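Here is the structure we will look at, set down as structure tokens.
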Amino acid sequence: MKCTFHLGRFTGMLEGPHAGPRRASHRLPLDGHTLLRTRDLDAFREQITRSFCPHRVELIGPGARLDARQHGAQFGRVGLHYVDYGARVRVQAEAIDGFFAVQIPQSGSGVIRSARHEVVLGANRASVPGPTDDVDMVLDGGTPQLVVRLDREAVESRLHQLLGRPPRGVLRFDLGMDLGTPQARAWLAQIRWACAELERAATPAPLVAEHLEQSLITGLLLAQRSNFSDALHADQAASMPKTVRRAIDLIEGHAAEALTVEDLAEAVGVGVRALQGGFRRHLDTTPMAYLREVRLARVHDELRAADPSAVTTVTEVASRWGFWHPGRFAAAYRQRYGETPSATLQR
């Protein structure tokens, strides 16, 4: 397999020797799993090669200097990585094989080209390049990425199970991933849970690791558009209870209201435990966690659309969507979008 990988400021990799001065005082994703921190381009390229595949890295701009880090941990056939080059770079890869890599910017922006498609990356847009396609990517400085590495065979095996038959043809995801959809938000919540488990226990128990692996693989197949999405969602829609679908509609349409799980259960005509069980089985989350993700997305959308010179405040927008504890809200927002609410408002 030939693979040439140019990574820009990539959120999701590791720290270790050759460390330069720390750029931020806040805790970064997977901070307890630092693999490398370095200003040495060759050393970092070798580290990324070990984690992904052989690659080249090209710094862009006069006087550009690397200040890179990678955090990472593996459970089963899924790996989570935080990668940041600390500079504007160009990343190229030829026929990456053996895995899917979902690249989720935590801040900043970039452009990725693959299989004759081009996607602009940002706070609400990730990328899922195909395992047999060439990749050409430019990441601006200040664009760390959280990278989910999923074994290709494991993903295709799970697809087979969900379809109930061997898939006909090669699985291909759309290059761009809209992080604002309910399915993507639910999948991102699973990633945060997986990161929290890895921070809590360096090596999760086998049953926990297996559950994390299957949750993230299944979540990706259902959240990201692919050439098998129509078949997958037809089966899911048929199997998902009407009560769960009605509860989702209620949450999406009334997210600003003071909803409780008891309110939702009563509105759709089931008990609380039955509703929670339906959300866990079909969305791998809870009704309240789903509501929280919807609210965070609505706040994010409002802050991005607001005029920073106007009288709009973060507190005003957050409270309108049900966030009454500024500290908790700010922490949840930063974990979800990789920046503070005020930074989003000022952009």
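Computed with a 1.4 Å probe over protein heavy atoms only, the accessible surface of the chain comes to 44 Å² per residue.
Relative to the longest principal axis of the Cα atoms of the chain, the long axis of helix 287-305 lies at roughly 60 degrees. Dipole check for the range 242-290: with +1 at the C-beta of Lys and Arg, -1 at the C-beta of Asp and Glu, and the Cα centre as origin, the magnitude is about 320 Debye. Residues whose amide H comes within less than 5 Å of that of residue 56, counting only those at least five positions distant or on another chain, are 5, 6, 92 (H built at 1.01 Å from N in the peptide plane). Computed on the range 23-99, with alpha-carbon pairs under 8 angstrom and 6+ residues apart, the relative contact order is 32 percent. Would you work out if the chain is rounded, prolate or oblate? Take a ≥ b ≥ c from the square roots of the eigenvalues of the alpha-carbon gyration tensor; rounded if a/c is under 1.5, else prolate when a/b is larger than b/c, oblate otherwise. It is oblate, given that a/c is not under 1.5 and a/b is not larger than b/c. Between residue 256 and any residue 5 or more places off or on another chain, the built amide H atoms are never under 5 Å apart.
In this structure the amide hydrogen of residue 177, modeled in the peptide plane, comes within under 5 Å of the amide hydrogens of 126, 127, 128, none closer than 5 places in sequence on its chain. Calculate how steeply helix 326-337 sits against the longest principal axis of the alpha-carbon atoms of the chain, using the helix alpha-carbon long axis, and give the answer as 0 to 90 degrees to the nearest 10. The two axes meet at around 60 degrees.
Between 0 and 90 degrees, the angle of helix 229-239 with respect to the longest Cα principal axis of the chain falls at about 30 degrees. Can you tell me, using C-alpha contacts under 8 Å and at least 6 residues apart, the relative contact order of the chain as a whole percent? Over the chain, the number comes to 15 percent.
Taking a ≥ b ≥ c as the square roots of the eigenvalues of the alpha-carbon gyration tensor, the range 86-230 is classed oblate because a/c is 1.5 or more while a/b is no larger than b/c. Mind checking the log10 I(q)/I(0) for the range 265-324 at q = 0.14 Å⁻¹? Debye, one equal scatterer per Cα, no solvent, two decimals. Those come out to -0.53, one per q. Work out the charge dipole of the range 65-195 with +1 on the Cβ of Lys and Arg and -1 on the Cβ of Asp and Glu about the Cα centre, then indicate which of 193, 81, 135 is farthest towards its positive end. After comparing all options, I get 193. Each Lys or Arg adds one and each Asp or Glu subtracts one; over the other residues with Cβ under 13 Å from the Cβ of residue 114, this totals -3.
Over the range 214-347, what relative contact order in percent results from Cα pairs under 8 Å that are six or more residues apart? Relative contact order here is 21 percent.
The values are calculated or read from the model by the stated rules, or taken from the named source; none is laboratory data. Keep in mind the model is a prediction, meaning the values are calculated, not measured. So basically every Cβ, Gly included, is an ideal-geometry build from the backbone, and we count neighbours across all protein chains shown. Surface accessibility is based on the protein's heavy atoms, side chains included, excluding ligands, DNA and RNA. Shrake-Rupley method; radii C 1.70, N 1.55, O 1.52, S 1.80 Å.
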